[in-house]
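Below: the structure, in structure tokens.
The values are calculated or read from the model by the stated rules, or taken from the named source; none is laboratory data. All values derive from a computational prediction rather than experimental measurement. Here Cβ is always computed from backbone atoms with ideal geometry, including for glycine, and neighbour counts include all displayed protein chains.
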Amino acid sequence: LARSIQRTAVRQAHRKHEPDFHDKYGNLVLLGGAAAFTVVWSYVFTQAGIEWGLSPVGRVAPKEWRE
């Protein structure tokens with residue numbers, strides 16, 4: 001009995017499984033996501049008008065005091 005169970009386990013372990021969605025399209029989905037990420041953030045960094053000078057020295061002036 002133990003020997004037949006062992007043979008069945010070995011047979012199932014060596015059985016070729018059908019490729020699922022991740023086997024077929026996993027890398028394609030990953031590359032597509034990376035490309036979309038790059039395109040969106042490239043647009044944000046170049047077109048959104050963000051000023052990257054992070055120091056406020058020389059740009060921030062106090063407002064005049066009003067009574």
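Below are the figures for this structure:
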quantity: Test: residue in segment 18-32 that is of a type in the set (V, I, T), modelled with pLDDT of 75 or more and surrounded by 10 or more Cβ atoms within 10 Å (Cβ to Cβ); calculated: yes
quantity: Qualifying residue in segment 41-58 (condition: at pLDDT 75 or above and of a type in the set (A, V, I, L, M)); calculated: yes
